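Take a look at the structure below.
Derivation of every value follows stated rules applied to the coordinates shown; laboratory data play no part. Everything numeric here is computed off the predicted structure, so don't read it as measured data.
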Ligand SMILES: Cc1cc2nc3c(=O)[nH]c(=O)nc-3n(C[C@H](O)[C@H](O)[C@H](O)COP(=O)(O)O)c2cc1C
């Protein structure tokens, strides 16, 4: 009655080889972003380095978020988010949104934001720009969910140089 489907076992890798390959990945360059979401009246956000444009026509982008995070769960529920593109002077936002979870704190209790016209998710106007996404697809990656969404709106806030992960690591207060 049922067809047996055999799943490929997770590839076992020698820990030293995994460390070596991981160190090669440190040469990849990433930007830094604050991804925000709204579910009913609760708004939240988190730092993310895994956001990128993936198609041009239509305009689509992907982001990869840990399933345990509050923002990830809110995006799953609402299929919407905003991505705020950080500039080189946004270190304070990385600390604010990357160090605590919305499961335990309200990160917007003392922070002003503008609701994005298309989906109500927070736009942070002290960043370079905000884009609004409508999620089309989710890919289950075990610990993480990859979201793919259409860019359906956005606002330019200021000119400046985007923050990369490497720049953040080199200039953050220790
Ligand atoms: C520099 C930096 C980059 C990060 N990138 C990611 C990422 O790409 N995906 C992810 O799931 N978490 C990432 N995080 C961790 C989340 O921002 C952090 O776990 C956050 O507290 C989750 O908040 P939430 O539970 O309110 O969603 C990053 C954190 C920092 C400081």
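Which whole-angstrom value gives the distance between the alpha carbon centres of segment 141-174 and segment 82-98?
That distance is 8 Å.
Please compute, over every Cα-Cα pair in the chain, the percentage with a separation greater than 30 angstrom. The partial results should precede the final answer.
Values: 3375 of 15051 pairs.
When all Cα pairs of the chain are counted, 22 percent exceed 30 Å.
Picking from 12, 77, 61, which is most flexible by a Gaussian network model of the chain using Cα springs under 10 Å?
So, out of 12, 77, 61, the one fluctuating most is 12.
I'd like the Kirkwood hydrodynamic radius of segment 85-124, using the inverse of the mean 1/r over distinct C-alpha pairs, in Å.
On the way: mean 1/r = 0.0873 Å⁻¹.
Computed over segment 85-124, the radius equals 11.5 Å.
So for the chain, averaging the separation of alpha carbon pairs under 8 Å that are six or more residues apart and normalising by length, what relative contact order in percent results? Present the calculation step by step, with values, prior to reporting the outcome.
On the way: 321 pairs, mean separation 43.4, N = 174.
Computed over the chain, the figure is 25 percent.
Of the residues 109, 17, 39, which exhibits the maximal mean-square fluctuation in a Gaussian network model of the chain defined by a 10 Å Cα contact cut-off?
17
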